[in-house]
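Here is the structure we will look at.
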Amino acid sequence: MSKADKNYDSDKSESEDEQQNGRVSNKGRKSDDNEGYTWEGEYQRSWDIVQEDAEGSLIGVIAGLINAGKRKRLLRDTTPLRRGIIRHMVLVLDLSSAMEERDFHHKRFELQIKYAVEFVMEYFEQNPISQLSIIGVKDGIAQRISDLHGNPQSHIQKLKSLRECNGSFSLQNALEMARASLSHIASHGTREVLIIFGSIFSSDPGDIFRTVDALVSDQIRVQIVGLAAEVAICREICDRTNSSSTNAYGVVLSEQHFRELLMESTIPPATNSSKTADSSLVMMGFPSKVIEQLPSLCTCHSLPSRGGFHCPRCRAKVCTLPIECPSCKLVLILSTHLARSYHHLFPLKNWIDLPWSAKPTSSHCFACQVPFPKASEASDQDQAASSMRFECPSCKLHFCIDCDIFAHEQLHECFGCQCSDN
């Protein structure tokens, strides 16, 4: 018998002695009550949560989980705050070789472009009088993908044209170019930078802390969405440039979480009245659409077109709104753009999720007339469970979960309050 076999036999005999003496540790082994391995303890076993109902079906359970997810995303802080509705944001994309990693079902780069397109659409839907610019960083060099303007279709076309990822990411170069793009913004508009950071290091040519000091002095807010791991310098940048916000830096956990972190930036940030200038009037122009008999060049793109808008101050022609007049620098918008921006200042209150213990008597949703679950169908459920009725605290009417989401995310008004005589 070899020496290794002798050692194996001695270890086996020691293990048998420990089992006889009752001194075996249960660490890393399954217990009798099927609690799972110790190393599985910190992970949530979602397949154990789903339980069949009394009829052996999973339809009701799955619907409950979906509604819970909808409600979780819907609940937000509805406290009226002073917010900057005229926003100027620079979106920074990571085009380094780190974006070729396949952490999710797709590559990081593919997922970044997909959610960036959705972010641009949602950003201008929620902030119609705001502007956006896009910067890409690869090979340690920041490159401007699109200029600062308010045309979402132009941004989306530039995003879909991106193909390659090379080299390393430079956080300092991206911040310096973003800072230069926002340096001319007036005091009534916000200055923001949103960075999608897929690397775990940054190749910077100089002292990045001087760049952070310049960002703080220029009152530029920086938000970072990390795809790999939390980086100390990213945390410091977000903490120093966002004094009133604690969720400016986040690291994604899944594809859905990635999208949620991006969509959080579509809400205008609260402004600090002690650091902003006194309230003043902002001059804006409200042009009307014109159709010309002969095509003429627009001042924004120098392209011939028959339709467009004439600036009420200098009569220059622009093809899209909102935009800053290239000739006289007057902000040109429509009245509907201004009205759609005000829902951030006066948000709709969260509706109350009524439990069965409240004994609701409504049978149908007030808005869409979808029937609610009956009390007899929920007799076996806990009284604290949701009755799938959501009550407006002002008009006291009941609505379903889909109408709740539509009212808070799209309409920004209560159906019952608008229909009341008051």
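Contact map, the range 148-169: residues that are farther than 13 Å from G136 by Cβ and touching a residue at least 60 places away in the same chain (Cβ under 8 Å) paired with residues that are assigned to a helix (DSSP H, G or I) and small (G, A, S), Cβ distance under 7 Å, separation 6+ or inter-chain. Pairs shown: L148/S181. Within the range 151-188, the set of residues being assigned to a loop (DSSP other than H, G, I, E, B) and open to solvent by less than 10 Å² (accessible area, probe 1.4 Å) comprises F169, S170, L182.
On the basis of being in contact with an Asp or Glu (Cβ under 7 Å, 6 or more places away or on another chain), open to solvent by 30 Å² or more (accessible area, probe 1.4 Å) and of a type outside the set (D, E, K, R), does V282 make the cut? Criteria not met by V282. From the residues in the range 323-338 that are closer than 18 Å to Y123 by Cβ and either part of a strand (DSSP E or B) or of a type in the set (A, V, I, L, M, F, W, C) (or both), which one is most open to solvent (accessible area, probe 1.4 Å)? So, considering only residues that are closer than 18 Å to Y123 by Cβ and either part of a strand (DSSP E or B) or of a type in the set (A, V, I, L, M, F, W, C) (or both), the one most open to solvent (accessible area, probe 1.4 Å) is E324. Could you list, in sequence order, all residues of the range 82-96 that are out of contact with any Gly (no Cβ under 6 Å at 6 or more places or on another chain) and either free of Cβ contacts under 8 Å to residues at least 40 places away in the same chain or open to solvent by 20 Å² or more (accessible area, probe 1.4 Å) (or both)? Those that are out of contact with any Gly (no Cβ under 6 Å at 6 or more places or on another chain) and either free of Cβ contacts under 8 Å to residues at least 40 places away in the same chain or open to solvent by 20 Å² or more (accessible area, probe 1.4 Å) (or both): R82, R83, I85. Checked against (1) buried (at least 19 other Cβ atoms within 10 Å of the Cβ); (2) among the acidic types (D, E); (3) farther than 27 Å from I86 by Cβ, E192 meets all criteria but (3). From the list V216, V222, V231, the lone residue that is surrounded by fewer than 17 Cβ atoms within 10 Å (Cβ to Cβ), farther than 18 Å from V120 by Cβ and of a type in the set (V, I, T) is V216.
Would you check if there is a residue in the range 383-401 being within 21 Å of P128 (Cβ to Cβ) and touching a Lys or Arg at 6+ places or on another chain (Cβ under 9 Å)? Scanning the range 383-401 turns up no residue that is within 21 Å of P128 (Cβ to Cβ) and touching a Lys or Arg at 6+ places or on another chain (Cβ under 9 Å).
For (1) more than 30 Å from G198 (Cα to Cα); (2) in contact with a Leu (Cβ under 8 Å, 6 or more places away or on another chain), each residue gets a yes or a no:
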{"site": "E260", "(1), (2)": "no, no"}
{"site": "P287", "(1), (2)": "yes, yes"}
{"site": "C298", "(1), (2)": "yes, no"}
{"site": "C311", "(1), (2)": "yes, yes"}
{"site": "V318", "(1), (2)": "yes, yes"}
{"site": "L321", "(1), (2)": "yes, yes"}
{"site": "E324", "(1), (2)": "yes, yes"}
{"site": "S363", "(1), (2)": "yes, no"}
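Taking the range 247-265, which residues are open to solvent by 50 Å² or more (accessible area, probe 1.4 Å) and either without any contact (Cβ under 8 Å) to a residue 40 or more places away in the chain or in contact with a Pro (Cβ under 9 Å, 6 or more places away or on another chain) (or both)? Within the range 247-265, N247, L253, Q256, E264 qualify.
Taking the residues in the range 277-300 that are assigned to a loop (DSSP other than H, G, I, E, B) and more than 18 Å from I333 (Cβ to Cβ) as candidates, determine which candidate is modelled with the lowest pLDDT. Filtering the range 277-300 for residues that are assigned to a loop (DSSP other than H, G, I, E, B) and more than 18 Å from I333 (Cβ to Cβ), the one modelled with the lowest pLDDT comes out as A277.
Is one or more of the residues making up the range 341-354 part of a loop (DSSP other than H, G, I, E, B), of a type in the set (V, I, T) and modelled with pLDDT under 90? No, that holds for no residue.
In summary, H344 fulfils each of the numbered conditions (1) of a type outside the set (G, A, S); (2) free of Cβ contacts under 8 Å to residues at least 40 places away in the same chain; (3) surrounded by 10 or more Cβ atoms within 10 Å (Cβ to Cβ) with the single exception of condition (2). Among the residues of this structure, R144 counts as one that is touching a helix residue (DSSP H, G or I) at 6+ places or on another chain (Cβ under 8 Å), surrounded by fewer than 18 Cβ atoms within 10 Å (Cβ to Cβ) and more than 19 Å from L261 (Cα to Cα). I129 falls short of the stated requirement of being open to solvent by less than 10 Å² (accessible area, probe 1.4 Å), in contact (Cβ under 8 Å) with a residue 40 or more places away in the chain, hydrophobic (A, V, I, L, M, F, W, C) and within 28 Å of R83 (Cα to Cα).
Being within 16 Å of R235 (Cβ to Cβ) and either open to solvent by 60 Å² or more (accessible area, probe 1.4 Å) or among the basic types (K, R) (or both) is the requirement here; does F201 meet it? So F201 fits the description; yes.
The values are calculated or read from the model by the stated rules, or taken from the named source; none is laboratory data. Note that the coordinates shown come from a computational prediction; the quantities given were computed from them, not determined experimentally. Reconstructed Cβ throughout: ideal geometry from the backbone, glycine too, with neighbour counts over all protein chains shown. Just so you know, the surface numbers come from the protein's heavy atoms only, side chains and all, with ligands and any DNA or RNA stripped out. Shrake-Rupley method; radii C 1.70, N 1.55, O 1.52, S 1.80 Å.
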